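The values are calculated or read from the model by the stated rules, or taken from the named source; none is laboratory data. Here the structure is a predicted model, which is why all the values come from computation and not from measurement. Counting neighbours? That spans all protein chains shown, and the Cβs are built from the backbone with ideal geometry, glycine included. SASA here: full protein model, heavy atoms, side chains in, ligands and nucleic acids out. Shrake-Rupley method; radii C 1.70, N 1.55, O 1.52, S 1.80 Å.
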Amino acid sequence: MRNKKVKGIKKLGLTLVETIIGMAIVAVAFYFLIWVFINITPRTALVENLNKKVYLAQEKIEEYLARPFTQVTSVGASSFTGNFSDYKYQIIVNYVATNELNTPVAGPTPFKNVKVRVWGGGIEPASTVEITSLVATYEIY
């Protein structure tokens, strides 16, 4: 800013060059701000899609863990209903041994490994969420 005196009166103001430089700084700042929003928006959609898959997987595994031991069985690929119909899930149930809870074994044991997979949502890149838990019974085999 320059101070100009005209007949004893002090005038405050900006020169044209100072105004242009100020506008250029503001334009560059807005450009970077808009660039940030443009690049964050797609990532936000991916994170939201991933959060929905995790939520759906948690709901499905909780539903299965609440069932009696004999009713915890595998389910092939199925679609969710309602607003989540574009998401699919699969439930894989295996008997496991007492000493190795992640290795499937043949025959009934008091432990079942339950894995829920959820995918879909129509947003690329496609990803699958898996949640695994263990179900046990007090019955003796």
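General remarks:
- For K112, the test of being at pLDDT 90 or above, open to solvent by less than 50 Å² (accessible area, probe 1.4 Å) and basic (K, R) is passed.
- Residue list for the stretch 103-124, filter: in a loop (DSSP other than H, G, I, E, B) and in contact with a Leu (Cβ under 9 Å, 6 or more places away or on another chain): G121, I123, E124
- Any hit, the stretch 5-19, residues being touching a residue at least 40 places away in the same chain (Cβ under 8 Å) and either basic (K, R) or farther than 21 Å from S133 by Cα (or both): no
- Residue in the stretch 81-98 that is within 27 Å of T44 (Cα to Cα), among the hydroxyl-bearing types (S, T, Y) and part of a loop (DSSP other than H, G, I, E, B) present: yes
Yes or no, residue by residue, for (1) farther than 15 Å from F69 by Cβ; (2) open to solvent by 70 Å² or more (accessible area, probe 1.4 Å); (3) in contact (Cβ under 8 Å) with a residue 40 or more places away in the chain:
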{"residue": "Y87", "(1), (2), (3)": "yes, no, no"}
{"residue": "A106", "(1), (2), (3)": "yes, yes, no"}
{"residue": "I123", "(1), (2), (3)": "yes, no, yes"}
{"residue": "A136", "(1), (2), (3)": "no, no, yes"}
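- Residue in the stretch 61-72 that is closer than 26 Å to A126 by Cα, open to solvent by 60 Å² or more (accessible area, probe 1.4 Å) and not acidic (D, E) present: no
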